[in-house]
Amino acid sequence: MKTKANLSSKNSIPVRKVLKNMFYEAAKNRPIVFLAYFIQFSVSLIRKFQIIVLPKFLIEELLAVYNGDEPSAHLQRIVFLVVLTLGIMFFGNILDGIANWIKNLSQEWFNEYFQVKINQQSMSIDFECTENPQVLDQMNKAKEGMDWYSGNVCGILDQFFSIVTNIAGLIGVITILMFSSPLVIIFQIFSIACFTFFNNKIKKIELESFKNLAKSNRIFGYLFFELSDFSYGKDIRLYDASNLFTKLSSKHLDDQTCIWTDRLIKTKKQNYKMNFSNLICNFLIFCYLGYKVIKNLITIGDFSMCVTASNDFTNCCQAIVQSVQEILKRTNYVNEYLKFMEYPVALPKGTKSVVLDKPHTIEFKNVSFKYPRSEKYVLQNVSIKIPNAQHLAIVGLNGAGKTTFIKLLCRLYDVTDGEILIDDINIKEYSDDEYRKLFAVLFQDFKLLAFSLKENIAFSPEVPDSQIDDVLKLAGLYQDAQKLPKKNDTCIYKSFDETGVELSGGQKQKTAIARALYKNSPIVFLDEPTAALDPLAEAEIYEDFNKMVGGKTAIYISHRLSSCKFCDQIAVFSEGNIKEYGTHDQLMQIPDGIYKEMFTTQAKPYLDKQEN
Ligand code: ADP
């Protein structure tokens, strides 16, 4: 089972796990990439033969003619060798092109595929994870690791098949050198050791800078993309926040530049050392082979073959080392993705289903709760029973724990102590999907999306307008919606559509109310739903809501105590507990009561006005 323990990041690189995962994704979604790799493997081996072995025979044929042999005796073999060389080059290029085409298309497809998978996971992980900066960094690492660092399927398979191809090539090259000039192998091994050493250092430098950039990239992403959302526009201008954003951007740009510059200087140094060691080895090999030719120990054709084989030995070994290092680096990136995908999806799920077409009882039994990574209890020992079809108002000062009470009821968090029951069953026993059907919730910090009005209400474009109109009428937004350029299909915000509109605060709130009404669930929560509405609109909404939620269990959190008169009972939250409970009239009887004081304070301006 996936547990919270998975959240702690492990430092080991599970190469096998990553390879298995990427092979599985390729086989499941794009098995044709294996054909592309097989083509490239075969073409590469045939090309090695063409580059290393064929020139030896060609040189020997030409030298024989040069040394006085009858040309006609060699012509047929010379023509055959030239045609074979050109044929391998021509068909090799065509086949290679086809394989690359298949791979590029697959790479594009996988890029999209993994971004969608990451997005799906970010929408289904435990809600508490979405408030954890460590998780947000992890999500960013997963996205970047699977995108422009090309850590995904083709990136990994490319390296894997490069290792396989080069090992096969290396076996061929070693066989050739063993029989003609074995000392070349020793020089080359030294060259490879130097290459591995310096290349390893380069990869470490690159990985370090990737990790250092993750946080800075996330902040950058926030500054540049999320703030391009027009809904932030007013605050930015009115509070002159652009100054802050400019400063933050340039600070993080400076940080990023430092990281990139540091990386460039360090990798360049290692590159120079690597090239120098390679130069010395090549010099020694040429001296050795030249000496053998002079001493008639090998032919000119052998010399040519050994030089090419020696170069290919280096190329194969470097390619293997590079691919192994690259596969380890990419495995690290893919591992960031796998770590993110292993985050627990939502709270432990039960299996019980819910009955929608009946009212429900809600009970909090000695519930205490503190937020993750916080030591302070936000709710302490809260007990309350909300019977079938009761309309309960929750009031209290800011920070009293009212919204947290609703969040716990929605199972966005698990209680720390105690239990919450719906129809006498612990809410943990309900299946997650089923449980969510029970509630229509309107939080004070609801979000509208840059989609059409209809999609914002129904989360689907294929809903008849009549159904949308019904809830718009109830929410008091119908007349306004009729005046929009494309009516219910008008986009909210201009992010994707020039005819998009910026709704007023009240219109946004009514849209969110219409969304809650559309869901038509048996339990309704409204968390300060009318904060942005004028008193008239607020009274209208409450009356309509009361009609609409008539037979349902409903909980209102309201800062306007006058609206509590629509409710059957009122619970007064203070310092994480329910301090007073009763009807408006009962609570007004409590001498020095919290509710009485809050109500009197709110009513005072109106009363003063009436007196004047
Ligand atoms: P209310 O709705 O009554 O204004 P809340 O339930 O929103 O109060 O908040 C109660 C307390 O919990 C406050 O002290 C608030 O700072 C804290 N709180 C709210 N959300 C979080 C969170 N995600 N992480 C940590 N503390 C939180």
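Any chance the range 433-456 includes a residue that's assigned to a loop (DSSP other than H, G, I, E, B) and under 16 Å from residue 350 (Cβ atoms)? Looking for residues that are assigned to a loop (DSSP other than H, G, I, E, B) and under 16 Å from residue 350 (Cβ atoms), one finds at least one in the range 433-456, hence yes.
Scanning the range 363-419 for residues that are within 14 Å of the ligand (Cβ to nearest atom), among the charged types (D, E, K, R), under 29 Å from residue 551 (Cα atoms) and within 31 Å of the chain's Cα centre (by Cα) yields a count of 2.
Here residue 356 meets the list (1) away from the ligand (no atom under 16 Å from the Cβ); (2) under 30 Å from residue 138 (Cβ atoms); (3) in contact with a helix residue (DSSP H, G or I) (Cβ under 7 Å, 6 or more places away or on another chain) almost entirely, failing just condition (2).
Within the range 420-437, no residue satisfies the criterion of being more than 16 Å from the ligand (Cβ to nearest atom) and under 18 Å from residue 573 (Cα atoms).
Among residues of the range 136-162 that are within 11 Å of residue 114 (Cα to Cα), those with a Cβ under 6 angstrom from a residue that is at pLDDT below 80 and in a loop (DSSP other than H, G, I, E, B), sequence gap 6+ or separate chain, pair up as 145/151; 146/152. Go through the range 456-482 and count every residue that is over 11 Å from residue 511 (Cβ atoms) and either under 34 Å from the mean Cα position of the chain (by Cα) or at pLDDT 85 or above (or both). Here the count works out to 16. When the range 408-426 is examined, which residues are found to be in contact (Cβ under 8 Å) with a residue 60 or more places away in the chain and in a helix (DSSP H, G or I)? 409 - this is the single residue of the range 408-426 that is in contact (Cβ under 8 Å) with a residue 60 or more places away in the chain and in a helix (DSSP H, G or I). Scanning the range 131-149 for residues that are part of a helix (DSSP H, G or I), farther than 20 Å from residue 413 by Cβ and among the β-branched types (Val, Ile, Thr) turns up nothing. Here the condition is being aliphatic (A, V, I, L, M) and either surrounded by 15 or more Cβ atoms within 10 Å (Cβ to Cβ) or under 15 Å from residue 337 (Cα atoms) (or both); of 86, 63, 136, it holds for 136 alone.
Mind checking whether some residue in the range 74-95 is modelled with pLDDT of 90 or more and either among the acidic types (Asp, Glu) or under 30 Å from residue 128 (Cα atoms) (or both)? Checked the range 74-95: no residue is modelled with pLDDT of 90 or more and either among the acidic types (Asp, Glu) or under 30 Å from residue 128 (Cα atoms) (or both).
The values are calculated or read from the model by the stated rules, or taken from the named source; none is laboratory data. All figures in this text were calculated on a predicted structure; none of them were measured in a lab. Counting neighbours? That spans all protein chains shown, and the Cβs are built from the backbone with ideal geometry, glycine included.
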